[in-house]
Structure formats: structure tokens, C-alpha cells
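K.L.:
Mind looking over this structure? Questions follow.
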Number of protein chains: 2
Amino acid sequence: MEDSIFLSKRDLPARWYNIQADLAKPVPPALHPGTGKPATAEDFSLIFPDPLIEQEVSTQRWIDIPEEVKNIYSLWRPTPLIRARKLEKFLNTPARIFYKDESVSAAGSHKPNTAVPQAYYNKISGTRRLTTETGAGQWGCALAFASNFFGLECEVYMVRVSYDQKPYRRSLMHIWNAKVFPSPSKQTACGRALLEKDPDCPGSLGMAISEAVEEAVANADTKYALGSVLNHVLMHQTVVGLETRRQLESIGAKPDIMIGCVGGGSNFGGFIFPFVFGPENEKRDIRFIATEPTACPTLTKGPYRYDFGDTAKMTPLIKMFTLGHNFVPPCIHAGGLRYHGMAPLVSYLQNEGIIEPRSYGQNSVFEAALTFARTEGRIPAPETSHAIRAAIDEAIRCREEKQEKNIVLNFSGHGFFDLASYDKYLAGQLDDYEYPEDRIQESLRELPEVGE
Amino acid sequence: MEDSIFLSKRDLPARWYNIQADLAKPVPPALHPGTGKPATAEDFSLIFPDPLIEQEVSTQRWIDIPEEVKNIYSLWRPTPLIRARKLEKFLNTPARIFYKDESVSAAGSHKPNTAVPQAYYNKISGTRRLTTETGAGQWGCALAFASNFFGLECEVYMVRVSYDQKPYRRSLMHIWNAKVFPSPSKQTACGRALLEKDPDCPGSLGMAISEAVEEAVANADTKYALGSVLNHVLMHQTVVGLETRRQLESIGAKPDIMIGCVGGGSNFGGFIFPFVFGPENEKRDIRFIATEPTACPTLTKGPYRYDFGDTAKMTPLIKMFTLGHNFVPPCIHAGGLRYHGMAPLVSYLQNEGIIEPRSYGQNSVFEAALTFARTEGRIPAPETSHAIRAAIDEAIRCREEKQEKNIVLNFSGHGFFDLASYDKYLAGQLDDYEYPEDRIQESLRELPEVGE
């Protein structure tokens with residue numbers, strides 16, 4: 001058996017998989033932030049182009065990937081699925097560990113899988129400019145990368161703590177022609193209001209979303225692009241799971257455990273959705289583990305409620321696991337996992353008991369990252385390392401229980417822009433934030449009382 | 001025709017190609033630094049293990065790649081050969097541009113191709129510790145990566161200007177368990193002497209080599225590893241050219257122009273050697289373009305002379321194009337190209353008129369890098385961007401002359417650790433060092449008078 005499973009360009013998926021077609025009951029609808037009534041296509045059309053709004057609510061099982069999108073996907077897709085044999089040996093485990101290497105895209109993560117179609121659908125819908133938020137910078141880089149291909153202007157609101165911690169992600173966005181502002185910024189009314197309240201505000205994804213949405217609403221030629229959470233975003237990411245399925249089939253292997261980290265939920269969702277239901281819609285016998293930081297324990301500690309996607313209450317209300325739209329997580333290095341909410345589709349599966357959430361502190365996550373880097377050679381992003389932590393734990397359990405499981409994880413991004421975090425870990429300077437109980441309770445008191 | 005040409009793991013070359021077998025006359029021998037007489041295997045054995053010394057002087061055409069080396073190669077090899085169709089379109093050229101993507105290794109460049117076999121042969125020869133120098137950090141990262149796999153200690157002397165400019169390459173070496181010192185350092189006698197002369201000395205590859213060699217000579221369990229220049233290093237790099245040949249054959253294409261950047265010459269040599277001679281040892285009808293910085297114009301301005309590989313005159317004397325072992329190039333951002341000499345094998349081909357050297361200033365190189373990043377998406381290393389500059393120039397010439405040439409370049413490494421340089425370029429702050437005539441003339445006066 002070859003240890004790196006490559007697919008040919010001919011095996012690039014022709015269609016995205018829409019899990020909404022296979023759910024026993026529909027996902028609860030998004031609600032208008034003002035009225036609390038189900039949001040209409042018109043409500044969304046201020047910030048999204050029509051084709052994406054259609055995809056958001058579609059229950060069609062398969063949706064064709066446009067040629068223009070496949071053309072750009074093919075710059076780095078299909079991505080390899082790699083057997084982590086040196087890690088297995090180090091752990092002395094009978095388990096087989098595979099990782100789907102999404103770090104090989106030019107932007108360094110899975111994010112271009114949705115940035116490219118979002119830029120494409122905006123382009124054909126007449127959008128001139130896209131705005132977005134970014135946490136660690138992965139998503140901002142991906143949208144800059146994608147917008148550049150379609151000649152769209154791109155404005156990125158980057159959470160201030162990451163803007164300061166990761167200057168080179170900014171450089172990358174500049175190379176691809178994007179404008180980057182630290183958020184909260186003085187560019188927008190809500191940014192200015194936040195800065196007035198706290199001039200040293202470290203920012204959060206929720207705040208940055210508010211700024212990007214405000215800009216899109218205020219300008220007719222400008223739309224907004226979100227890098228996670230929404231149904232169409234997770235659907236675009238199913239190229240990851242669809243390729244993984246074909247790769248495992250090509251070696252006659254079935255996954256027993258699939259693992260992904262969750263911030264908004266898109267890399268995890270796109271990875272597992274094609275595996276959740278069998279041909280007769282029966283649930284498959286696979287454990288799906290979603291890993292998150294103890295500093296932002298949305299799935300492990302939050303309730304399943306309607307909440308805003310952003311701090312300024314500009315987005316529709318969505319039913320999700322949430323820590324409350326005012327929750328500002330501690331400044332951990334996995335900036336991409338600092339989101340208060342969770343994708344409605346992932347939340348739905350969690351509520352149905354289909355997935356297992358698990359949370360980890362920073363130090364145990366970086367310990368796993370080092371183990372991976374020193375056995376397999378690759379440097380994982382801090383976000384990705386949450387998934388690696390769980391994979392290592394499961395592989396150790398397999399050793400103890402003498403079980404030959406197939407563990408498959410989504411290697412969502414590389415850590416080349418996170419080496420300052422590694423330095424801190426190696427110097428023993430990383431804080432291991434515990435579950436911030438007080439902050440969460442305070443934030444949860446402000447959940448809106450709608451749609452329950 | 002697919003635009004990305006992948007090979008299967010089964011197509012990983014089984015043997016390295018040794019161009020010494022096909023040269024009309026032998027490469028001039030290395031000379032002992034003290035006596036000026038041809039160096040013996042014993043002279044080399046202080047710093048290199050026997051299997052590498054044998055490879056250095058071998059005239060056997062094919063040398064088997066050990067299983068243990070192939071096993072690690074297969075973590076990222078074969079690497080893809082990619083048609084740069086978006087760049088072609090942007091340039092409106094009838095030429096086809098292909099790039100061999102060596103940036104996909106975990107260390108981010110072609111350097112692990114030789115780091116892995118060097119670590120392997122040292123391991124089986126009983127070496128406990130390896131020392132080396134590094135310029136931009138690509139080679140130091142590669143040797144750290146390789147040493148870690150074989151449980152060897154690794155000590156890296158990093159040219160001070162790069163140590164300061166590129167802190168994250170240091171982090172990467174630390175992650176892979178290496179020790180890193182800025183060179184000149186206080187670790188060695190020659191480092192201390194250099195610091196005494198100039199406490200602010202920016203360092204050079206020549207100085208860092210002296211330090212690493214001193215450490216190896218002084219300790220019986222320690223050997224030295226060089227990332228370029230030597231015959232065995234270039235031979236290990238022929239995996240790049242051998243794969244490229246198979247990839248081009250698989251689509252029925254022949255290269256008309258092949259381009260690589262040259263510092264010590266290893267990525268260029270490994271890329272072109274398998275293409276230089278035909279089955280009957282006739283020279284093939286391909287143009288081979290070697291690109292270097294105007295700030296360090298070894299091939300374009302240096303003489304073909306015996307010289308030391310390092311500043312402190314500790315290495316054997318080798319016949320090569322050189323700017324003199326005391327030449328300290330301006331601190332350009334392509335740190336990997338700041339070497340005063342050139343591989344004897346590349347120098348030989350240059351002297352025979354088989355290759356075309358060409359030099360570029362920093363700004364035109366970064367302009368090419370930006371063009372590549374904005375069309376193909378990938379961020380090239382500044383070193384690699386010298387090759388891209390030439391490829392773009394040749395593609396434009398093809399447009400003007402209406403010629404459908406196949407241009408193939410070696411994409412030797414990514415620029416994720418060089419984004420500060422991109423920032424400077426975008427801010428218009430890059431110096432365009434001209435050929436430093438005075439410094440070179442001064443340095444050339446100190447060439448040793450031997451072996452002529």
C-alpha cells in the first residue's frame with residue numbers, strides 16, 4: 001500500500017455534496033435580526049449574491065462545481081491523503097493514522113475551497129468588491145487569493161490580536177492585492193463604537209464580521225464573504241471529504257474515527273459530511289470527533305440556541321451552539337478557533353448526538369504539534385493541532401485496547417505563520433486557558449429570546 | 001493535457017545520476033588547502049563519512065538510492081511539475097512555462113533531497129552529530145529536518161544577517177531539534193577572530209562554513225554537511241531533473257529552455273544534469289540558463305580559478321568560478337545566493353560554454369515574484385524568483401519572436417519566510433545593488449596561486 005494517496009486531476013470532484021438533502025428534519029431557518037421572523041432571500045441579498053443564497057437553502061443533494069472553479073481548484077487539488085506511518089511507529093500503536101493534507105493550497109489551508117467559488121459567484125453576479133473578516137488570517141489570505149483571480153477588490157478586517165501576532169499573513173494578503181485593517185478599526189461605525197468603549201480592544205471574529213458586513217450593506221457594489229459557519233460554505237468544503245472518501249476506497253480502507261478542529265465548523269463539516277449517512281440515509285458506524293480549545297468551548301459548554309453571528313447584531317439569527325455573541329475568548333494562538341458560535345449544520349449533528357465534541361488546552365495541543373512535526377516532518381497550524389491532539393489520544397487508546405482502527409484527520413493548514421507560537425511553547429511561556437466560566441455565563445445572559 | 005503532472009510513488013527515481021560519468025574530461029581535482037596537492041580520501045575523512053567521499057569522486061553513472069532515503073523522500077516526492085498557464089496568459093506568450101515544484105517538502109525547498117542522504121550516510125557511518133552553515137536558512141532547516149529523522153544532533157551556523165532577518169527559520173530548526181548560532185559566533189576560534197575584527201560583521205556563507213568545519217574537525221564524533229557546491233550534493237539533487245524528465249516525457253514535451261537560480265549551484269545542477277547529454281553523450285539542443293544576483297555575480301563576473309570554499313581557508317581548494325573567498329556580498333534578501341564560489345560541476349559546464357549565466361537586481365527579481373504570485377498563486381522564495389525573472393523574460397522574447405518554446409524552471413522553494421522582503425519591495429524600499437566592482441577586485445587579489 002502506498003503511504004501517500006494521490007488522485008489524478010480527473011478525480012477532482014465534479015459536484016459538491018449538500019448534506020441538507022439527507023437530514024431527517026430541516027435545519028432551523030435563519031431569522032431576521034430585527035423582526036425575529038424567518039429571513040427571506042431578499043434579506044440576504046444585501047450581503048450575498050443570489051447563487052450563494054440559493055445554495056444556502058438548497059436541499060438538492062449534489063450541486064455542480066463550475067468549470068471556472070474547478071480550473072482554480074486544480075492548482076492544488078486533489079490534495080494528498082497521507083499515512084502517518086512515522087507517527088504510528090512513534091506511538092507504537094496498532095492504529096492506522098491518515099491525514100488529509102489541505103495545507104498544500106497556496107494560501108496554506110482548506111479555506112480557498114470556499115473562497116474560490118464565493119469569489120466566482122460574486123464575479124458573475126456583478127460584485128466589484130468583497131469584504132470579510134479574518135481571525136488567524138487563514139481566511140483573509142484565502143479570500144485575497146481567490147479575489148485576485150477574478151479581479152475583485154478585497155477588504156479584510158483582521159482581528160487585532162492576530163494582526164499584531166501574525167504580520168506575515170498581512171503581507172500575504174497584500175501580495176494578493178487585498179487591503180487589510182486591524183479590527184476593531186476606524187473604517188466603520190461599529191468599529192469606532194467598539195474602540196470608544198475600549199481603545200485596547202483585542203478584537204474578536206464577531207466584531208470583525210460586524211465591520212465587514214457594515215461595509216457591504218453600505219455599498220451597492222460590495223458584498224460580504226464569510227469563511228465558515230454558513231451552509232454553502234460547508235458545502236464547498238465537502239470537496240475535502242469527497243476526495244478523502246475516494247482515496248480511502250482506493251486502498252480498500254474504511255474510517256473508524258474522523259477528526260477535525262472546529263472554529264466555525266467548515267473544515268470539520270466539509271471533511272465528515274460525505275461520511276455521515278450511508279446510501280439508505282442510515283447513519284454510518286464512524287466516530288466523528290470535533291476538537292476545540294478549552295478557551296472557546298462552544299460545542300462542549302455552549303447551549304443550542306438562536307444567536308447572532310456577530311457582536312453588533314447585524315447578521316441574521318441562527319440556531320447554533322453558542323457562547324453568546326458578546327463572548328470574547330482569551331487570546332490563544334489558534335486564532336481561527338476563537339469564534340463564539342458554530343455552523344448550524346455542525347450544531348444540528350451535535351444536537352442529534354452524531355458527533356463527539358472535545359476540548360483541549362494550548363499546551364497539550366502544542367505538545368501534539370511538536371510530536372507530529374518531529375515524526376512526520378510537517379508543521380501543523382495551531383488550529384490543526386487540536387485535531388492532531390485527538391488523533392494521538394485515540395491512537396494511544398488503540399494501543400491500550402489493542403485495536404487496529406483507521407483514524408483519519410483533516411490537516412487543515414500549515415503552521416509556517418505560527419512559528420512565534422511554537423517559540424513560546426518551546427520556551428514554556430504558553431498560557432493554558434481554562435474554560436472561562438464567568439465570562440461565558442455573563443455572555444450567555446445576553447442571548448436573544450427568539451425562535452425557541 | 002493535464003496542467004499538473006504528478007508521478008506515482010512507484011516513479012520515485014531508484015538511482016541518482018552522476019554526470020561525472022559523462023564528462024569529456026574529468027573535473028579538476030580538489031587540492032589540499034595546506035600542500036596544494038590533490039586531496040586524498042583521508043583528507044576528507046575528517047569532515048565527511050566514507051560513503052559520501054566515495055560518491056564525491058565516483059565516475060559511476062548511476063548510484064542506487066538507499067531504501068531508507070527513498071522512504072523519507074516519499075514523504076513529499078515525486079514533486080509535481082506544473083504548467084503555469086495563468087502566467088502564460090498574463091504574458092500573452094505562445095511559450096509554455098512549466099515549473100517543478102520543490103517547495104512542497106516540509107522544509108520548503110529542494111534542500112532535503114541531499115540533507116536526507118547525507119544524514120543517512122552519516123548515521124550508518126557512526127556519526128553522532130552534524131554541523132553545517134546556512135544562509136537564508138533553507139539548508140539549515142533541511143538538515144535539521146533530516147537529522148531529526150535519523151536521531152543525529154544538528155548544529156547550524158546561520159549567517160547573522162539572515163539570522164536577524166528570518167527569525168522563523170530559526171524556529172523551524174528548533175522545532176526539528178537543532179541548535180542554531182548566528183555566524184560569526186563565539187562558539188569557534190575563527191568566529192571569535194572574525195568578531196574581533198568586526199563586531200558588527202553581517203556574516204557570509206564562507207565564514208559560516210569555516211565555523212561548522214572547525215567544529216567537525218575538532219570532534220571525532222562530529223561531521224560536517226554541506227548544502228551545495230560538492231559533487232555528491234549535486235548528484236543527490238538529480239532526483240529533481242530525473243523526475244522532471246519523466247514528467248515531460250509523460251506528456252510528450254521536450255524542454256527548449258531550462259532555468260534555475262544559482263548560489264552554490266545545487267538546485268540548478270540537479271535540475272539540468274539529466275538533460276545535458278543525450279544517449280550517445282552528445283550535447284542536447286537545450287538552453288540552460290543559470291540566474292544569479294547582480295550583488296553576487298559569480299558566474300557572470302568571476303574567473304575560473306582554484307579557491308577556498310570558505311573564508312578561513314579550511315576547506316580543500318576547488319576549481320570553480322569565484323569572486324574570492326574573502327568576498328562578502330551586499331545583504332540582499334536572496335540569502336541563499338550570497339556565496340562567493342560555484343559548484344565545480346556547474347563551473348565546468350560554464351567553462352565549456354554549455355550553460356548561460358545571467359544576473360538580475362533585486363527589484364526586477366521581486367517584480368517577477370509578484371507577477372508569479374498574482375497569476376499562479378504561489379509565493380516564490382527570493383532565490384527562486386531569480387529563475388522566474390529569466391523565465392518571464394524568455395517568455396516575453398517568445399511572444400516577440402512568435403516562438404512556441406517549452407520553458408521549464410526549477411521552483412526551488414517557497415517564500416513564506418521571506419515576506420518581510422516582499423513588504424520592503426511593496427513599500428519601494430529595496431536596494432538594487434549593482435555589481436560591487438571594487439569589492440570584487442579587492443577580493444580577487446587574494447586568490448591562491450595554486451594548481452593553475
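K.L.:
Over chain A, calculate the relative contact order: mean separation of alpha carbon pairs under 8 Å at least 6 apart, over the residue count, as a percent.
P.N.:
Numbers: 1020 pairs, mean separation 87.2, N = 452.
Once normalised by length, the contact order is 19 percent.
K.L.:
Along the charge dipole of the range B:168-293, Cβ charges K/R +1 and D/E -1, which of B:ALA193, B:PHE271, B:SER250 sits furthest on the positive end?
P.N.:
Highest projection toward the positive end goes to B:SER250.
K.L.:
Any chance you could look up the accessible area of B:TRP76 with a 1.4 Å probe, heavy atoms only, rounded to 10 Å²?
P.N.:
The value for B:TRP76 is about 10 Å².
K.L.:
Mind checking how much accessible area B and A bury in total, 1.4 Å probe, in Å² rounded to 100?
P.N.:
3700
K.L.:
Loop only per DSSP, at most 16 neighbouring Cβ atoms within 10 Å: give me the GluC sites (Glu not before Pro) in the range A:212-307, ordered by residue number.
P.N.:
Sites meeting the loop and neighbour criteria: A:GLU280, A:GLU282.
K.L.:
How far apart, in nanometres, would the label points at B:ILE124 and B:SER74 be if each is projected 7 angstrom from Cα along the Cα-to-Cβ direction?
P.N.:
The two pseudo-label positions are separated by 1.7 nm.
K.L.:
Rounded to the nearest 0.05, what FRET efficiency do B:GLU404 and B:LYS283 have when you use their Cβ-Cβ distance and R0 = 30 Å?
P.N.:
Values: r = 23 Å, r/R0 = 0.75.
My answer for the efficiency is 0.85.
K.L.:
Quick one: work out the % antiparallel among DSSP beta bridges in chain A, nearest 5.
P.N.:
35
K.L.:
Another question, if that's okay. Run the dipole for chain A about the Cα centre, Lys and Arg Cβ at +1, Asp and Glu Cβ at -1, nothing else charged, and hand back the magnitude in debye, nearest 20.
P.N.:
In total the dipole reaches around 980 debye.
K.L.:
Between copies, how close do the A:GLY252 label points come, placed 7 Å along Cα→Cβ, listed in nm from shortest?
P.N.:
Ordered by distance, the counterparts are at 3.6 nm.
K.L.:
Right, next: Size of the dipole of the protein assembly as shown about the Cα centre, Lys and Arg at +1 and Asp and Glu at -1 on the beta carbon, nothing else charged, in debye to 20?
P.N.:
1080
K.L.:
Report the residue of chain A with the smallest Cβ-to-axis distance, using the rotation axis that brings A onto B, in whole Å.
P.N.:
With distances in whole Å, chain A gives A:PHE416, 2.
K.L.:
In the protein assembly as shown, if the dipole is taken from +1 on Lys/Arg beta carbons and -1 on Asp/Glu beta carbons about the Cα centre, which of A:PHE149, A:THR315, A:PRO436 is farthest to the positive end?
P.N.:
Comparing the listed Cα positions along the dipole, A:PHE149 ranks first.
K.L.:
If you don't mind, there's one more thing I want to ask. I'd like the antiparallel share, as a percent to the nearest 5, of DSSP beta bridges with both residues in the protein assembly as shown.
P.N.:
DSSP beta bridges in the protein assembly as shown are roughly 35 percent antiparallel.
K.L.:
In nm to one decimal, list the spacings between the B:ASN92 label point and its equivalents in the other copies, with label points set 7 Å along Cα to Cβ, shortest first.
P.N.:
Those label-point separations list as 6.7 nm.
K.L.:
Using a 1.4 Å probe and counting only protein heavy atoms, arrange A:ASP438, B:ASP418 so the residue with the most accessible area comes first. Let's see the in-between values first.
P.N.:
Working: A:ASP438 125, B:ASP418 0 Å².
Result, largest first: A:ASP438, B:ASP418.
K.L.:
Determine the relative contact order of the range B:84-197: mean sequence separation of Cα pairs under 8 Å and six or more apart, normalised by residue count, in whole percent.
P.N.:
19
K.L.:
Using a Cα-Cα cut-off of under 19 Å, which lysines could be cross-linked to B:LYS186, ignoring same-chain neighbours fewer than 8 residues away?
P.N.:
The reachable lysines, counting only those whose Cα sits under 19 Å from B:LYS186, are B:LYS197, B:LYS313.
K.L.:
How well do other chains shield peptide A:104-116, expressed as the mean number of their Cβ atoms within 10 Å of each residue Cβ?
P.N.:
1
K.L.:
What ranking of A:HIS32, A:HIS325 comes out by heavy-atom accessible area, probe 1.4 Å, highest first? Don't jump to the answer; show the numbers that get you there.
P.N.:
Details: A:HIS32 55, A:HIS325 5 Å².
I get A:HIS32, A:HIS325, largest accessible area first.
K.L.:
Another question, if that's okay. Can you give the relative contact order of the range A:234-356 as a percent, counting alpha carbon pairs under 8 Å and 6+ residues apart?
P.N.:
Relative contact order of the range A:234-356: 24 percent.
K.L.:
Using a 1.4 Å probe on the protein heavy atoms only, what accessible surface does B:SER210 show? Give it in Å² to the nearest 10.
P.N.:
For B:SER210, solvent-accessible area is about 0 Å².
K.L.:
Taking the dipole about the Cα centre of the protein assembly as shown, with the C-beta of Lys and Arg at +1 and of Asp and Glu at -1, give me whichever of A:ASN351, B:GLY336, B:GLY137 is farthest to the positive side.
P.N.:
With unit charges placed on the Cβ atoms, the residue in question is A:ASN351.
K.L.:
Scanning chain A for trypsin sites (Lys or Arg not before Pro) in DSSP loops with at most 11 other Cβ atoms within 10 Å, what's the longest stretch left with none?
P.N.:
The longest such stretch corresponds to A:187-401.
K.L.:
Continuing with this model, one more query. Would you mind giving the mean number of other chain beta-carbons within 10 Å of the Cβ of each residue in A:66-79, as a whole number?
P.N.:
For this peptide, the per-residue mean of nearby foreign Cβ atoms is 2.
K.L.:
Going through the cross-link list A:LYS9/B:LYS86; B:LYS100/B:LYS223; A:LYS89/B:LYS179; A:LYS86/B:LYS100, which pairs have a Cα-Cα distance over 29 Å in this structure?
P.N.:
B:LYS100/B:LYS223
K.L.:
Using every Cα-Cα pair within chain B, state what percent have a distance larger than 34 Å.
P.N.:
25
K.L.:
Something else now. Shortest first, in nm, what separates the label point of B:LYS25 from those of the same position in the other copies (7 Å along Cα→Cβ)?
P.N.:
Label-point separations across copies, in nm and ascending: 8.9.
K.L.:
Sticking with this structure for a sec: Would you kindly state how much longer the chain becomes between B:ASN363 and B:LEU46 on full extension, computed as 0.36 nm times their sequence separation minus their alpha carbon distance, in nm to one decimal?
P.N.:
109.9 nm
K.L.:
Quick one: dipole size for the range A:56-185, taken about the Cα centre, charges +1 on Lys/Arg Cβ and -1 on Asp/Glu Cβ, in debye to the nearest 20.
P.N.:
Numbers: 18 positive and 11 negative charges, 103 e Å.
The calculation lands at about 500 debye.
K.L.:
Okay, moving on. Working out 0.36 nm times the residue gap between A:ALA21 and A:ARG85, then minus their Cα-Cα distance, what length gain in nm do you get to one decimal?
P.N.:
On the way: separation 64, 0.36 × 64 = 23.04 nm, distance 3.67 nm.
Full-extension gain reported as 19.4 nm.
K.L.:
Take peptide A:372-378, look around each residue's Cβ out to 10 angstrom, count Cβ atoms belonging to other protein chains, and average those counts.
P.N.:
Partner Cβ neighbours, averaged per residue: 5.
The values are calculated or read from the model by the stated rules, or taken from the named source; none is laboratory data. Keep in mind the model is a prediction, meaning the values are calculated, not measured. As a convention, Cβ positions derive from the backbone with ideal geometry for all residues, glycine included, and neighbour counts pool all protein chains shown. What goes into the accessible areas is simple: the full protein's heavy atoms, side chains included, and nothing from ligands, DNA or RNA. Shrake-Rupley method; radii C 1.70, N 1.55, O 1.52, S 1.80 Å.
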